[in-house]
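Notes to accompany the following structure.
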Amino acid sequence: MPLFQPVPLASYASRIFQAADTPRMTADLVGQSLVSANLAGHDSHGVIRIPQYLRQIEEGELRPQATPEIERETPVMTLYNGHRCFGQLAAKVAIENGIGKARGNAVAVVGLKHSGHVGRLGEWVGLAADEGFIALAFANGGRAGGLVAPFGGAERRLSTNPIATAVPLEGRPSMLLDFATSAVAEGKVRVALNSGKSMPDGWALDKNGEATHDPADVYDDGMLLPAAGHKGYGLALLTDYLGGILTGSGGPGIPGSVLGNGVLFVLLNISFFRPMDEFFSDGERIASRIKATRPAPGFDEVLIPGEPEARSAESRQMDGIPLDDTTWREIVDAAEKLGVDPIV
């Protein structure tokens, strides 16, 4: 399993996208975003996505030169049409707009529709938390059909529909949640497939509605299960209404929907609710109490959401990013077809 340093890997990704008619600034942003997901330990949203994005460009589902455009705006809300641009570009523009609006208001809301895959959703709410705001995000997936069965069902009806939120903490990484409302993100199934590994119980059903451990079954008309049964199913449905229907992006079962994301960002300005120092003081009391919890058997410590990603990033910055041989071969093959020189 090869190891790669973050900077040259991000540069390689950028050169690949530039060769596919992507402006350099956008290609750099996408490459850096994918590698940041690998650094955080979420390889499902890292450079493994390069071949997928290239296929979407070839099929016209992703428009590499497109940019997000404001469709509607008020002092506290904005609605962007991504015009099928790279999702990382659209999400960055959207969250930065929300941060700007939240500076002068108690709340800011930004909707994004017709965007490509936005990558790791937690990256974007994390940017808002870095600026001192609480942020929430609901991202639904497009394309008719979906990939996830509703609770009690054995047919594809929903997408993986992730939810993310970030809360700033003083002297610690932000408390950051980022999870698919399915039992697992689709990208983790792809990682298992490329790594030659089986899936755990409770991840998926095959096309006949039978439980399966073979990741290939998911891509042969199989389906993922919702996380935590009816709870994940309910959150997935909520995300379809907020990220898809409210923004006008669509979703599985809605005619005209294409593969991509519709996202609703909500930002809260803490200082409109209470003094920041009081918020941070109480936040630290909660965090300290959680960290002081006696570990259960098999655990070394209790972690706050966001800590695993921060520790992974620190480790991989020093030791390198591991990629399985199949993923790396697919990336290199795609690069060679575009005439991109190997990584140096």
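Quick notes on this structure:
- Filtered by the rule that a residue be polar (S, T, N, Q) and either in the same structural domain as Gly41 (by TED's automatic domain parsing) or in a strand (DSSP E or B) (or both), segment 97-127 gives a lone residue, Ser115.
- Only one of the listed residues (Glu210, Glu278, Glu301, Glu309) is touching a residue at least 12 places away in the same chain (Cβ under 8 Å) and out of contact with any Phe, Trp or Tyr (no Cβ under 9 Å at 6 or more places or on another chain). That residue is Glu309.
- Any chance Glu307 is modelled with pLDDT of 95 or more and under 20 Å from the mean Cα position of the chain (by Cα): yes
- Filter result for Phe86 (touching a helix residue (DSSP H, G or I) at 6+ places or on another chain (Cβ under 8 Å), more than 24 Å from Ala164 (Cα to Cα), crowded, with 24+ Cβ neighbours inside 10 Å and modelled with pLDDT of 95 or more): no
- Residue satisfying all of: in segment 189-215; small (Gly, Ala, Ser) and assigned to a helix (DSSP H, G or I); nearest to Leu323 (Cα to Cα) among these: Ser195
- Residue pairs meeting the criteria (Cβ under 7 Å; at least 6 apart or on separate chains; first in the same structural domain as Asp341 (by TED's automatic domain parsing) and on the phi > 0 side of the Ramachandran plot, in segment 13-31; second at pLDDT 95 or above and among the charged types (D, E, K, R)): none
- Just one residue in the set Ile50, Ile70 is among the hydrophobic types (A, V, I, L, M, F, W, C), more than 18 Å from Val258 (Cα to Cα), in contact with a helix residue (DSSP H, G or I) (Cβ under 9 Å, 6 or more places away or on another chain) and touching a residue at least 40 places away in the same chain (Cβ under 8 Å); that residue is Ile50.
- Segment 3-44, residues that are among the acidic types (Asp, Glu) and buried (at least 19 other Cβ atoms within 10 Å of the Cβ): Asp43
- For segment 136-173, a tally of residues being surrounded by fewer than 24 Cβ atoms within 10 Å (Cβ to Cβ) and assigned to a loop (DSSP other than H, G, I, E, B) returns 19.
- From Gly283, Gly232, Gly244, Gly256, residue being in contact (Cβ under 8 Å) with a residue 12 or more places away in the chain, among the small types (Gly, Ala, Ser), out of contact with any Ser or Thr (no Cβ under 9 Å at 6 or more places or on another chain) and not in a strand (DSSP E or B): Gly283
- The condition of being within 22 Å of Asn161 (Cβ to Cβ) and at pLDDT 95 or above holds for Gly126.
- Screening segment 91-117 for residues that are under 17 Å from Gly262 (Cβ atoms) and in contact with a Lys or Arg (Cβ under 9 Å, 6 or more places away or on another chain) and picking the one that is surrounded by the fewest Cβ atoms within 10 Å (Cβ to Cβ) gives Val109.
- Candidates Asp341, Asp333 - the one that is at pLDDT below 95, under 20 Å from Ser14 (Cα atoms) and surrounded by fewer than 12 Cβ atoms within 10 Å (Cβ to Cβ): Asp341
The values are calculated or read from the model by the stated rules, or taken from the named source; none is laboratory data. Values in this document were obtained by computation on a predicted structure and should not be read as measured data. With ideal geometry, Cβ positions are generated from the backbone for all residues, glycine too; neighbour counts draw on all protein chains shown.
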